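Below is one structure, written out as structure tokens; comments come after it.
The values are calculated or read from the model by the stated rules, or taken from the named source; none is laboratory data. A quick note: this is a predicted structure, and the numbers were derived from the prediction, not measured. Every residue, glycine as well, gets a Cβ built from its backbone with ideal geometry; the counts of neighbours run over all protein chains shown.
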Amino acid sequence: MELVQTAVSFWTNDERLLQTYALAEKQLKNNLRDFAGRRVLVEGGGYHKIWLETQPMGGEMYAKRDLEAAMNNQLLFMECQRADGRLPGSITLKDGALLPEFNKFQGFCFPGPALNLYYWLGRDRGYLERLRDALIGFDRYLWAARDSNGDGILESWCVTDTGEDGALRYGDAPFWWEAENAPEGFAVVPMASMDFMGYSYAARHTLGTISGILDDGRAASWQAAARDIRAKIRASLWDEARSACFDRDNQGRQLPTLTHNNLRLMYWGALEPDMAARFVEEHLLNPAEFWTPFPLTSVARNDPLFRSNKGNDWSGQPQGLTWQRAITALENYGYAHLVPVLAEKLFFVLKRDQTFTQQFDPDTGEGTGGVMGYGPTMLAFLEYLSRVHGVHLQGEELWWSAMPGRQTRYELVWGERRFLLESDGTRARAFVDGRAALSFEAGRRLVSDWAGNPVKEINLHAGGQIIG
């Protein structure tokens, strides 16, 4: 298929922010790789593969700068899918050939990003049908292989099935697991997993949207199947008294560690709105738990299993990947007004240190894990920037966002199209192909179609009181 050229340019009178932006743009180009003749965006920061956990989402976020890499970050996972429906947890390059790896799931930030690419690839029906078949196969595989005790809750069998290196609640679980039979003789795994339920929900919810587009008569059944996942999560993993979801061990006992994985469920859309609201308002925004001076710890700060270990360790410190996923998670449930709050916290740390690492100290924001050039942190920074001072593409919509204080100029080039947002720090003006289209007060987001016709408006200052 013929791809359009895309590009972003940004200017601000905040010189340190502009310097940080330029550094992120430069460093991200170093993460572009040739994978057997296909350009992809690898994770970076010492990680040279594409991971199902990060790179479909990472490619989608990079589409504004390189649509070809974004497309390949979706297609290669579909092309490497096994006949039984399992998608590789990662794909590497060995001796010039692609090597899909099936020793973990790692994560599943794939369905939503892959669907967005359909709109941006010119509504290619063949691509959409391929995505539909991939998601059907993957969801079928999950329920055939990962409900070993038949209780209706999908299972994680090893630490890297959910990409949580160092997570203490996994106990003596193996790091990798290549076999197709459930592990035996371990204290915790097979673990009844909120993440795996989120994988299935995301696949089914996206299939509902795809079926509606293709008009194949299955949209309602996929939507009902997605609702069934939400109901199972509430019935089996949600703790009404504690206002959060918790995994269960292989004896059905609750694993009481309060984890950020509830935010992951929000990324996939797998929580009912009332559940998400309670988690956000009682836990996420609590400084004693997840809203530390530099927020979004992996485990609640006051939990007995919290550890502030350096390196790639999901037992406590905030991760760049969590910051990346948090944007969509919050926007999914009406918490867009928290995104600018997080943005400024991230901007402060990255402007100060000029480094993009994997993990951060929850008190100081100092980078503590990985090496320079970690893709999810850089992409998170650029995405937050687009959500507070720029233009974001979401399917067929344009999101124009401006926060007060800085003078900014953000332009998105999409083939022959030009989308420009200028702000003097008080009021913003949007231009579509050189034509003045919108004008609005800073502190708001306007959603429009690609012609600039407004669809709705969001107050980025509304609600969201932080505890303490």
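Some notes on this structure:
So that you can scan it fast, the table gives a plain yes or no per residue for (1) under 26 Å from residue 407 (Cα atoms); (2) modelled with pLDDT of 95 or more; (3) touching a strand residue (DSSP E or B) at 6+ places or on another chain (Cβ under 8 Å); (4) of a type outside the set (A, V, I, L, M, F, W, C):
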position	(1), (2), (3), (4)
343	yes, yes, no, no
347	yes, yes, no, no
351	yes, yes, no, yes
360	no, yes, yes, no
363	no, yes, no, yes
378	yes, yes, yes, no
389	yes, yes, yes, yes
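- Some residue of segment 451-462 being touching a residue at least 24 places away in the same chain (Cβ under 8 Å), in a loop (DSSP other than H, G, I, E, B) and under 23 Å from residue 123 (Cα atoms): yes
- Tabulated pairs, segment 339-367, first touching a residue at least 60 places away in the same chain (Cβ under 8 Å) and β-branched (Val, Ile, Thr), second part of a helix (DSSP H, G or I) and buried (at least 17 other Cβ atoms within 10 Å of the Cβ), C-beta under 6 angstrom, 6+ apart or interchain: 339/327; 339/330; 339/387
- Flag for residue 315 being farther than 15 Å from residue 230 by Cβ and crowded, with 19+ Cβ neighbours inside 10 Å: yes
- Matching option when the condition is in a loop (DSSP other than H, G, I, E, B), small (Gly, Ala, Ser) and within 18 Å of the chain's Cα centre (by Cα), among 334, 311: 334
- Listed here are the helices (runs of 4 or more DSSP H) enclosed by segment 187-298 that have at least 1 residues being among the hydroxyl-bearing types (Ser, Thr, Tyr) and in contact (Cβ under 8 Å) with a residue 60 or more places away in the chain: 194-214, 219-236, 261-268.
- Boolean, residue 193 is out of contact with any helix residue (DSSP H, G or I) (no Cβ under 6 Å at 6 or more places or on another chain) and modelled with pLDDT of 95 or more: yes
- Residue within segment 20-31 that is assigned to a strand (DSSP E or B) and touching a strand residue (DSSP E or B) at 6+ places or on another chain (Cβ under 7 Å) present: no
- Failed condition for residue 282, given (1) over 24 Å from residue 160 (Cβ atoms); (2) surrounded by fewer than 18 Cβ atoms within 10 Å (Cβ to Cβ); (3) in contact with a Lys or Arg (Cβ under 6 Å, 6 or more places away or on another chain); (4) not aromatic (Phe, Trp, Tyr): (3)
- Taken over segment 35-61, the criterion of being of a type in the set (Asp, Glu) and either touching a strand residue (DSSP E or B) at 6+ places or on another chain (Cβ under 8 Å) or under 15 Å from residue 100 (Cα atoms) (or both) is satisfied by 43, 53.
- Checking each residue in segment 32-57 for being more than 12 Å from residue 77 (Cβ to Cβ), touching a residue at least 40 places away in the same chain (Cβ under 8 Å) and in a loop (DSSP other than H, G, I, E, B) picks out 36, 42, 43, 45, 46, 48.
- Scan of segment 1-41 for residues that are exposed (fewer than 15 other Cβ atoms within 10 Å of the Cβ), out of contact with any helix residue (DSSP H, G or I) (no Cβ under 8 Å at 6 or more places or on another chain), of a type in the set (D, E, K, R) and modelled with pLDDT of 95 or more, ordered by number: 15, 26, 29, 34
- The set of residues from segment 195-225 being farther than 21 Å from residue 56 by Cα and buried (at least 24 other Cβ atoms within 10 Å of the Cβ) comprises just one member, 222.
- Where residue 84 falls short, out of the listed (1) within 21 Å of residue 198 (Cα to Cα); (2) free of Cβ contacts under 8 Å to residues at least 40 places away in the same chain: (2)
- Considering segment 134-161, the residues that are in contact (Cβ under 8 Å) with a residue 40 or more places away in the chain and among the acidic types (Asp, Glu) include one that is farthest from residue 62 (Cα to Cα), namely 151.
- Residue check for residue 401: modelled with pLDDT of 95 or more, of a type in the set (S, T, N, Q), part of a strand (DSSP E or B) and out of contact with any helix residue (DSSP H, G or I) (no Cβ under 6 Å at 6 or more places or on another chain): no
- Look at (1) closer than 22 Å to residue 265 by Cα; (2) out of contact with any Pro (no Cβ under 9 Å at 6 or more places or on another chain); (3) hydroxyl-bearing (Ser, Thr, Tyr) and you find that residue 211 fails only one, number (1).
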